[in-house]
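Peer 1: Following this message is one structure expressed as structure tokens.
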Ligand SMILES: [Zn+2]
């Protein structure tokens, strides 16, 4: 029997990784972004690792693809969704500001596509960039809170299969009730 609330229960390192990657995958599903694969790799000596490959809609962007700002923000939310999920799970991330690659990627996306927040003076303008990132991290947190039952489904799938693709994730989540 699953417990009624996963909040505050103890999770193994592998489960935590599965939750984290499931969060990225559910956010990508929510925004209808193409998912390559989602993977978790248990490793006793080194750290257990995971990865979700999500297609980048800004790459080769055409005017018909929708506003670039929106695509960037969706991508940033997908990046933040891993740690946001851990945060929903049990407050797991002590310092919510420190995200490793999950924070570096959104920043480099802003730079690569020249999509710094409105009013931003330079790529070092923390007065505009930091609150912008914070707003999108909050959005990721809210999204993962709302879609936590979906995160549970993908987490279970990852624990059972280790690697899953776009079709398998969509099969378990369905294509309705996405928003
Ligand atoms: Zn991550």
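Peer 1: How large is Rg/Rh for the stretch 99-138, to two decimals, with Cα atoms and a Kirkwood Rh?
Peer 2: With Rh from the inverse mean 1/r over Cα pairs, Rg/Rh is 0.93.
Peer 1: Further question: For the stretch 111-179, go through all pairs of different Cα atoms, get the mean of 1/r, take its inverse, and jot down that Kirkwood value in Å.
Peer 2: Radius from the Kirkwood sum: 14.8 Å.
Peer 1: For the chain, what is the relative contact order in percent, using Cα pairs closer than 8 Å and at least 6 residues apart in sequence?
Peer 2: Relative contact order for the chain comes out at 32 percent.
Peer 1: Helix-only mean residue ellipticity at 222 nm, the chain, DSSP H runs n ≥ 4 weighted -39,500 (n - 2.57), per residue, nearest 500. What is it?
Peer 2: -18000 deg cm²/dmol
Peer 1: Going by alpha carbons, how many degrees (0 to 90, nearest 10) lie between the helix axis of 126-146 and the longest principal axis of the chain?
Peer 2: Rounded to the nearest ten degrees, it is 30.
Peer 1: Taking only Cα atoms, what is the 0 to 90° angle, nearest 10, from helix 148-161's long axis to the longest principal axis of the chain?
Peer 2: So the helix axis and the longest Cα principal axis differ by about 60 degrees.
Peer 1: Once Rh is set to the Kirkwood radius over Cα pairs, what Stokes-Einstein translational diffusion coefficient, in µm²/s, holds for the chain at a temperature of 10 °C and a viscosity of 1.306 mPa s?
Peer 2: 95 µm²/s
Peer 1: Expressed in whole Å with the largest first, what are the equivalent ellipsoid semi-axes of the stretch 13-102 derived from the C-alpha gyration tensor as the square root of 5 times each eigenvalue?
Peer 2: In descending order the semi-axes read 26, 15, 10 Å.
Peer 1: Work out the FRET efficiency for residue 103 and residue 12 from their Cβ-Cβ distance, taking R0 = 30 Å, and round it to the nearest 0.05.
Peer 2: 0.75
Peer 1: Further question on the same structure: Would you please state which residues of the stretch 8-29 a label at residue 177 would reach in this model, taking the label point 7 Å out along Cα→Cβ and a backbone N cut-off of under 12 Å?
Peer 2: none
Every number in this text was worked out from the coordinates using simple rules, so none of it is lab data. Note that the structure is a prediction, hence the values are computed from the model and not measured. Don't worry about glycine lacking a Cβ; one is built from the backbone with ideal geometry, like all the others, and counts go over all protein chains shown.
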